[in-house]
Amino acid sequence: MVPKRHAKRAVTRNLIERQVLAALQRQGERMPAGQWLVRLRSPWSRDAFRSADSLRLRAAVSSELDTLFARCSSPRSS
């Protein structure tokens with residue numbers, strides 16, 4: 001879910017949603033089975049990412065998602 005208050009432009013929200021799907025595909029079998037909800041918790045700065053669909057924004061979103069999914073797929077210590 002990408003709320004409008006965190007990503008004002010529709011093109012940015014769509015980019016983030018596509019990056020989530022791509023990151024899930026990259027993780028493949030490492031993710032535990034189940035339904036996953038990825039929710040944006042803080043806004044993406046329009047000042048830091050001037051273009052709504054830039055390579056820099058794609059790289060930042062992709063990197064953050066890979067880190068998040070790697071944490072989810074690693075076995076937990078008891």
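So the values come out like this:
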{"item": "Given (1) 5.3; (2) 4.5; (3) 5.7, the label whose value is mean projected area of the Cα convex hull in nm² derived from this model", "result": "(3)"}
{"item": "Separation in nanometres of the label points that stand 7 Å from Cα toward Cβ, at Trp36 and Leu21", "result": "1.5"}
{"item": "Theoretical ellipticity at 222 nm over the chain - DSSP helices of four or more residues, -39500 (n - 2.57) apiece, nearest 500", "result": "-16000 deg cm²/dmol"}
{"item": "Cβ-Cβ FRET estimate between Val11 and Leu68, R0 fixed at 22 Å, reported to 0.05", "result": "0.50"}
{"item": "Order of Asp47, Asp53, Asp66 under a 10 Å beta carbon neighbour criterion, fewest first", "result": "Asp47, Asp53, Asp66"}
{"item": "Acute angle (nearest 10 degrees) that the helix 10-27 long axis makes with the longest principal axis of the chain, alpha-carbon atoms", "result": "20"}
{"item": "Loop-resident sites, the chain, for trypsin sites (Lys or Arg not before Pro), counting at most 15 other Cβ within 10 Å (DSSP)", "result": "Lys4, Arg5, Lys8, Arg9, Arg39, Arg41, Arg46, Arg50, Arg76"}
{"item": "With Cα atoms, 0 to 90° folded angle of helix 55-73 axis to the chain main axis", "result": "20"}
{"item": "Percentage relative contact order, the chain, counting C-alpha pairs under 8 Å, at least six apart", "result": "43"}
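FYI, it's all coordinate maths here, none of it is from the lab. Just so you know, these numbers come straight off a predicted model, no measurement behind them. Glycine gets a Cβ as well: all are built from the backbone with ideal geometry, and neighbour counts include every protein chain shown.
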